[in-house]
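A quick write-up on the structure given underneath.
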Amino acid sequence: MTKLMTVDDVAAYLNKPKKWVYGNWKAEQIPFRKVGQSLRCRPADLDRWLDAQGAE
């Protein structure tokens, strides 16, 4: 089972401030899912999203 990434994890992985992640996750289409009131992301989904960013 893969551990879901928190906003803090994603911010660290992207080397961006947490505030940037919260402010841009919808516009940038970062693949978060709501789990209760929290945002979570699968590491594989984040890697696919990053790969797609280079293709644009």
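The values are calculated or read from the model by the stated rules, or taken from the named source; none is laboratory data. Keep in mind that this is a model prediction, so the values were computed, not measured. For neighbour counting, all protein chains shown are included, and Cβ atoms are generated from backbone atoms with ideal geometry for every residue, glycine included. Ligands, DNA and RNA are stripped out before the accessible areas are found, and what is left, the full protein with its side chains, is counted by its heavy atoms. Shrake-Rupley method; radii C 1.70, N 1.55, O 1.52, S 1.80 Å.
The table below lists the values:
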read-out: Exclusive hit being in contact with a Pro (Cβ under 9 Å, 6 or more places away or on another chain) and touching a residue at least 12 places away in the same chain (Cβ under 8 Å), set LEU4, LEU39; value: LEU4
read-out: Filter pass, LEU50 being of a type in the set (A, V, I, L, M) and assigned to a strand (DSSP E or B); value: no
read-out: Failed item in (1) in contact with a helix residue (DSSP H, G or I) (Cβ under 9 Å, 6 or more places away or on another chain); (2) at positive phi; (3) of a type outside the set (A, V, I, L, M), with GLY36 passing the rest; value: (1)
read-out: Every residue from the range 1-19 that is open to solvent by 70 Å² or more (accessible area, probe 1.4 Å) and of a type outside the set (D, E, K, R); value: MET1, THR2, LEU4, ALA12, TYR13, ASN15, PRO17
read-out: Residue count, the range 21-47 (criterion: open to solvent by 70 Å² or more (accessible area, probe 1.4 Å), under 14 Å from ASP9 (Cβ atoms) and part of a loop (DSSP other than H, G, I, E, B)); value: 1
